[in-house]
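Contents: one structure, followed by commentary.
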Amino acid sequence: MEHDPGGPGDSRASRQADGSTPAAPRPGAETARQADYTGFRRYLKTHHRRTHERLYTIAREIERRTDCRACVRCCRETVVEVTSEDIERIARTLGLGVDETRRRYTTPEPGDLRHWLLRNEHDACIFLEGNLCSIYDGRPGPCRDFPHVTGGAHTLGSRIESICRHAEFCPILEQALDAYEHACGYARR
Ligand code: SF4
Ligand code: SF4
């Protein structure tokens, strides 16, 4: 996938139970699509499918042929939690001090002042310029990893929950789940 100049293809995060720091979609009421995914997750559970290598294979192939610069929804639809290391890397990229970078480009997480989020401006990440990430080489960890289609060491059971959640806005994950539902023989109601 062309994560490149756009940066997106990466995105925003808040820490998850599986430790994967995936994106945190803006809150809202459950949609019909989310209800579909809830049904699919139940189906996987009742059919004792606890590993999802097939899903990752499908998703990696879709990711490979996706140009994220034509999408950048993850840079618009979510918020990114940043660590001190992320802020230091952004500061180096911008040639600014760490305190100034934190002050100008981050904001404390509402209700949890120990965590910091990248600021949003005009309903998108402050670093999104057109369809490009202006700090691509110094982008935060969650932006590098999104949409988490590599298996990795984290619990796959919790990963499927976050993948379903992120499929609400990420076409790579949406297409991958559609194909995986089909491969599993799951029929939506
Ligand atoms: S939402 Fe998904 S497809 Fe769109 S830019 Fe982000 S990773 Fe790529
Ligand atoms: S830093 Fe902002 S613009 Fe860059 S990839 Fe992350 S969310 Fe997108």
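Only the coordinates and a few stated rules stand behind these numbers; no lab work does. Since the model is a prediction, treat every value here as computed from it, not as a measurement. So basically every Cβ, Gly included, is an ideal-geometry build from the backbone, and we count neighbours across all protein chains shown.
Using the Cβ-Cβ distance between residue 107 and residue 70 with R0 set to 30 Å, the FRET efficiency from 1/(1 + (r/R0)^6) comes to roughly 0.55. When each of the peptides 51-64, 33-46 is scored by the mean number of other C-beta atoms lying within 10 Å of its residues, the order from highest to lowest reads 51-64, 33-46.
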